[in-house]
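S.K.: Before anything else, here's the structure in question.
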Amino acid sequence: GAVVSQHPSWVICKSGTSVKIECRSLDFQATTMFWYRQFPKQSLMLMATSNEGSKATYEQGVEKDKFLINHASLTLSTLTVTSAHPEDSSFYICSASGQLADYNEQFFGPGTRLTVL
Amino acid sequence: GDSVTQMEGPVTLSEEAFLTINCTYTATGYPSLFWYVQYPGEGLQLLLKATKADDKGSNKGFEATYRKETTSFHLEKGSVQVSDSAVYFCAGYSGNTPLVFGKGTRLSVIA
């Protein structure tokens, strides 16, 4: 099956710094990537949808200047949490869909746990 | 908009017990339906799916049948194991909408 990786798998940073999370589709071209946020013991919340080469579409309530998403190639999307604060601590999961999958069938990365001190 | 309603947990079962986790989907069209599993500290893995009415998805002993009349996709397993302990998410999409997830059901299986 299609494989999606995320890096780093966990990160601890100081308040006020920026953190970049990478999401890669390893064996297929991902025309669309999705970024989710998951709080402890809760479901996934879709943050944004990004299509290769175009600006991301953010869900209501998600600050686009806070969570910068770049989808520069068919295999890589990045999420940058700018000026991170403790309330940004969460589990961030990306997913990708593309030519190997049915439309909108998504393959999920393993997640990145962000802790902001 | 579309929504997914699944049984709230947590669910605690003894090993070899029968499992049912209910899921219903509300949509304007006929959605494709999925069950995902999330093991502790990990991302989501697709467990099974069904893309049209009366389809049965199955994997690792789990089954779910897409019931059109009730738009339900209940997850079942005849005999659970300790290794099945995880959080299970029902999800679906119709048309060009993104995946919509249920709130998740935490399953704990005790030996």
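S.K.: Which one is nearest to the chain's Cα centre (by Cα), of the residues in segment B:27-49 that are more than 10 Å from every other protein chain (Cβ to nearest Cβ) and part of a strand (DSSP E or B)?
M.R.: B:Trp35
S.K.: Would you confirm whether any residue within segment B:92-100 is of a type in the set (Val, Ile, Thr), at pLDDT 90 or above and under 13 Å from the mean Cα position of the chain (by Cα)?
M.R.: Taking every residue of segment B:92-100 in turn, none turns out to be of a type in the set (Val, Ile, Thr), at pLDDT 90 or above and under 13 Å from the mean Cα position of the chain (by Cα).
S.K.: Then there is this: I'd like to know if segment A:53-62 contains one or more residues that are buried (at least 20 other Cβ atoms within 10 Å of the Cβ), assigned to a strand (DSSP E or B) and out of contact with any Cys (no Cβ under 8 Å at 6 or more places or on another chain).
M.R.: no
S.K.: So, in segment B:12-26, how many residues would count as being assigned to a strand (DSSP E or B) and out of contact with any Lys or Arg (no Cβ under 7 Å at 6 or more places or on another chain)?
M.R.: Residues meeting the conditions: 9.
S.K.: Yes or no: B:Gly1 touching a residue at least 12 places away in the same chain (Cβ under 8 Å), within 14 Å of chain A (Cβ to nearest Cβ), loosely packed, with under 14 Cβ neighbours inside 10 Å and within 22 Å of A:Glu105 (Cα to Cα)?
M.R.: yes
S.K.: Here is a further query. Select from segment B:72-106 the residues that are under 27 Å from B:Glu15 (Cβ atoms) and part of a loop (DSSP other than H, G, I, E, B) and list them in ascending order.
M.R.: Result: B:Phe73, B:His74, B:Gly78, B:Ser79, B:Val80, B:Gln81, B:Ser85, B:Gly102, B:Lys103, B:Gly104.
S.K.: Still on this structure, I have one more. Test of understanding: among B:Ser58, B:Ser32, B:Ser85, B:Ser72, which residue is hydroxyl-bearing (Ser, Thr, Tyr) and free of Cβ contacts under 8 Å to residues at least 24 places away in the same chain?
M.R.: So the residue among B:Ser58, B:Ser32, B:Ser85, B:Ser72 that is hydroxyl-bearing (Ser, Thr, Tyr) and free of Cβ contacts under 8 Å to residues at least 24 places away in the same chain is B:Ser58.
S.K.: With (1) within 14 Å of chain A (Cβ to nearest Cβ); (2) touching a residue at least 40 places away in the same chain (Cβ under 8 Å); (3) in a loop (DSSP other than H, G, I, E, B) as the list, and B:Lys52 as the residue in question, which single condition is left unmet?
M.R.: With respect to (1) within 14 Å of chain A (Cβ to nearest Cβ); (2) touching a residue at least 40 places away in the same chain (Cβ under 8 Å); (3) in a loop (DSSP other than H, G, I, E, B), B:Lys52 is out only on (2).
S.K.: For segment A:14-52, give me each residue that is modelled with pLDDT under 90 and part of a loop (DSSP other than H, G, I, E, B).
M.R.: A:Asp27, A:Phe28, A:Gln29, A:Phe39, A:Pro40, A:Lys41, A:Gln42, A:Ser43, A:Glu52
S.K.: Among the residues of segment B:59-90, write down those that are surrounded by 14 or more Cβ atoms within 10 Å (Cβ to Cβ) and small (Gly, Ala, Ser).
M.R.: Correct list: B:Ala64, B:Ser72, B:Ser85, B:Ala86.
The values are calculated or read from the model by the stated rules, or taken from the named source; none is laboratory data. Here the structure is a predicted model, which is why all the values come from computation and not from measurement. Neighbour counts run over all protein chains shown; Cβ positions are idealised from the backbone, glycine included.
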